[in-house]
Amino acid sequence: MKKGLLIPAALLGAILAFCLWNGAAMSAHTARWRAQLEEADRLVLLEDWQGAAAAIRAAYAGWTERQTYLHCVTGHDAVDDAEAMYHRALAFAEREEDSELRAELADLRDQLRLLAEMEEFSLRNVL
Amino acid sequence: MMTAFARTVILYFLIMTGLRLMGKRQIGELEPGELVLTMMISDLATVPMQDFGIPLLAGVIPILTLLALSMLLSQLSLTSLRFRALACGTPSILIREGVLQQEAMRKNRYTLDELLEELRGQGITGVEEVKYAVLENSGHLSVLPWAKSQPPTAEQLGVKTGEDVTLPVVLVNDGRLLRRNLEARGLDEVWLREVLRKEGLSSHREAFLLTVDETGRVVCVRKEGEP
């Protein structure tokens, strides 16, 4: 391939690779956080409030670690909404409010799923 | 505010680099595709500049993609004539030997009013005065009058002209010596010092502009306020 074609083709390839990696990374991260939240939900059902709060804190710690990355690649509003949901879920867990906490955890899992879907390479997103 | 500042600086340099890579053509000479590209890039850049809720990458990635695609298509146009014709189109002859090419005008959706306006703009009042009128890919209409209607050249008139056009090279720009230009002209600082001495200058820092052409003709402009 000629040198003139190589540079733009390499740039396009790099952008495509980054976009695909970003979609995969976002899916992997959100899947991990959702699994932690599901575990918290299960512990709430068993009325293990301390365990549930610990699981939410662990999920939140992982989420906080990726804040810069998340703000770089996705809409800030969606990230800020999820952040607020984490705070509310932690507050409900500390107050041992069963139904509110479970509803909040369900919303948070949905929000995380939406974050991953936004970066997914799919016909629905393209169109 | 710092976010706006930092984002503006990043996007400005990104766009300047991109436009520099696109080539030297000016806005007025852009082909329609290039004009659209320029407008899209400028529009994409303004969104993350103003809306801090959107990540900077959401503006940078489309801009880089557009620039890479544009560079790729330009390179393909250079290597393949067929691709160039497909991507850029081909020039169309709208007037051939003083006759309007109505089919070509229809194909290009070029109205008679537009054609006459263009001709008038070039000082031509009738279609019959034109041998060829070519609608270029850029949208510009090139009008070639009959030879009898064109002004004669010095060569046709047999007039002897003086020295041909020469290209002066800048050796001193606002007091700064451009050594590369000096060497490219096959000259050295000894020659320069002699020239400056003749001009009554003790150093190149006192010159605002100093040029030399192929014939060795020197033009020197002294800096204002220098003794």
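The values are calculated or read from the model by the stated rules, or taken from the named source; none is laboratory data. Everything quoted here is computed from the prediction, not taken from an experiment. Cβ placement follows ideal geometry from the backbone for every residue including glycine, while neighbour counts extend to all protein chains displayed.
Some notes on this structure:
- Some residue of the range B:170-180 being free of Cβ contacts under 8 Å to residues at least 24 places away in the same chain and loosely packed, with under 11 Cβ neighbours inside 10 Å: yes
- Meets criteria (within 14 Å of chain B (Cβ to nearest Cβ) and modelled with pLDDT of 90 or more) for A:Ala25: yes
- Close pairs from the range B:51-71: first crowded, with 19+ Cβ neighbours inside 10 Å, partner in a helix (DSSP H, G or I) and of a type in the set (Asp, Glu), Cβ under 9 Å, at least 6 apart: B:Ser70/B:Glu34
- Residue-level analysis places B:Arg82 outside the set of residues that are charged (D, E, K, R) and not assigned by TED's automatic domain parsing to the domain that holds B:Ile15.
- Conditions (1) assigned by TED's automatic domain parsing to the domain that holds B:Glu103; (2) out of contact with any Ser or Thr (no Cβ under 9 Å at 6 or more places or on another chain); (3) assigned to a loop (DSSP other than H, G, I, E, B); number of the one not met by B:Ile124: (2)
- Sole exception among (1) crowded, with 16+ Cβ neighbours inside 10 Å; (2) away from every other protein chain (no Cβ under 14 Å); (3) within 22 Å of B:Glu34 (Cα to Cα); (4) not charged (D, E, K, R) for B:Ile95, by number: (3)
- Residue count for the range B:70-83, restricted to those that are within 14 Å of another protein chain (Cβ to nearest Cβ) and either charged (D, E, K, R) or in contact with a strand residue (DSSP E or B) (Cβ under 7 Å, 6 or more places away or on another chain) (or both): 0
- Members of the range B:49-69 found to be at pLDDT below 85 and more than 10 Å from every other protein chain (Cβ to nearest Cβ), listed by number: B:Met49, B:Gln50
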